[in-house]
1. If you place +1 on the Cβ of every Lys and Arg, -1 on the Cβ of every Asp and Glu, and leave all else neutral, what size is the dipole of the range 224-311 about its Cα centre, to the nearest 20 Debye?
2. Is any residue of the range 101-121 close enough, with backbone N under 19 Å, to a label point placed 7 angstrom from the Cα of THR47 along the Cα-Cβ axis, and if so, which?
3. I'd like the accessible area for ASP227, computed on protein heavy atoms only with a 1.4 Å probe and all protein chains in place. Round to 10 Å², please.
4. What does the charge count around MET57 come to, taking other residues whose C-beta lies under 15 Å from its C-beta (Lys +1, Arg +1, Asp -1, Glu -1)?
5. Which one, LEU73, ILE240, GLY9, is farthest towards the positive end of the dipole of the chain when Lys and Arg carry +1 and Asp and Glu -1 on their Cβ?
6. Residue by residue through the range 254-269, what is 3J(HN,Hα) from phi via Karplus (6.51 cos²θ - 1.76 cosθ + 1.60, θ = phi - 60°)? Round to whole Hz and write x for glycine and proline.
7. Among DSSP beta bridges whose residues both lie in the chain, state the antiparallel percentage, nearest 5.
8. Once you wrap a convex hull around the alpha carbon atoms of the chain, what is its projected area averaged over all directions, in nm²?
Amino acid sequence: MKILGISFGTQNGNNDAMCKEALMGAQEAGAEIEFINAFKLNIQPCTGCIACVKTLMSGRGNICVLKDDFGWLLDKMLDADGIVISDPIFEKGATGLFRTITDRFGPRMDRGNNVISGKIAQAAGGTAPDPRILKDKVISYMAVGGSDWATRVQCDHAMQALTPMWKVIDNDVFRWSKGIIMEDEKIARAHQIGYNLAEAAKDIKHAKYQGEDGVCPHCHSNNFFLDRNSTHAVCCLCGIEGDVVIRDGKVMFEFPEEQLAHAHDTLSGKFIHGDDIKENEGKLAQIQKTDEYKERVKKYRDFIVSSVPEK
């Protein structure tokens, strides 16, 4: 059993320390451990070229055109049974580098896309996706901030796990934590998060979320897109639609059971999304063949070019 720790903070700073404390807890539970500071890596932003989608949906494997350290990091993540991430809070949410890695997961790491790709490859005699992408995995997140501005970070973090359908065990926020390495209670919590993760990795099939319950009873998110004219709401993480209500003085999110089949972290929901993308990509392909489309592309291309710095 291997647990990988990834810190998105400065070298030897608070996030490195909290990540290593969690790894100590995982090691205590019997895990082999490894640590990575993400800022030592060269990770380029996703360009949205959709090369990964085209190769997946033509049964040619799983390809990214960018040549940087992401492939190395992804191999480390796929080889691990569990992952613990410590990330500073930026503008109430995750860091840009964490979001960049989430973007690089994108369609390429989506479990639904890879299941579909495997079937296409099998039928056409092509290249199947990496089987490790379909392997169940557990993951925990720790967000470390210097104030209480942290209302988006847990949703940002869990969004990464949603794509490959990894099981979130803990998703914690450490507010007012500039001097966290001197706060024994918070250090103990990080240790417990690592221990919980390693224990969950021993039996991933039966592993359960160990953190505080969120308003959404399905994914534990507290972030919702609200309809100002009704009680209707959409969970910002899992996409389930329902109603926000008050029961016994508490905010609750209620939804019809059939909505679970549409959730973004279920295979059924991913297949629905995949069908929608396929339909719209097909429509776009037809539009792109028209003269009117080509004329409009030319209009914007010729209007102005991007400024670049002088060298």
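1. With Lys and Arg at +1 and Asp and Glu at -1, about 600 debye.
2. 101-109
3. 60
4. Result for the neighbourhood of MET57: +2.
5. LEU73
6. 10, 8, x, 4, 5, 5, 4, 5, 9, 4, 6, 9, 10, 4, 4, x
7. Roughly 30 percent of the DSSP beta bridges within the chain come out antiparallel.
8. Details: hull surface 84.5 nm².
Averaging across all directions leaves 21.1 nm² for the Cα convex hull.
The values are calculated or read from the model by the stated rules, or taken from the named source; none is laboratory data. None of these values were measured; they are calculated from a predicted model. We place every Cβ from the backbone using ideal geometry, glycine too, and count neighbours over all the protein chains shown. Remember, those area values only see protein heavy atoms, side chains included, never the ligands or the DNA or RNA. Shrake-Rupley method; radii C 1.70, N 1.55, O 1.52, S 1.80 Å.
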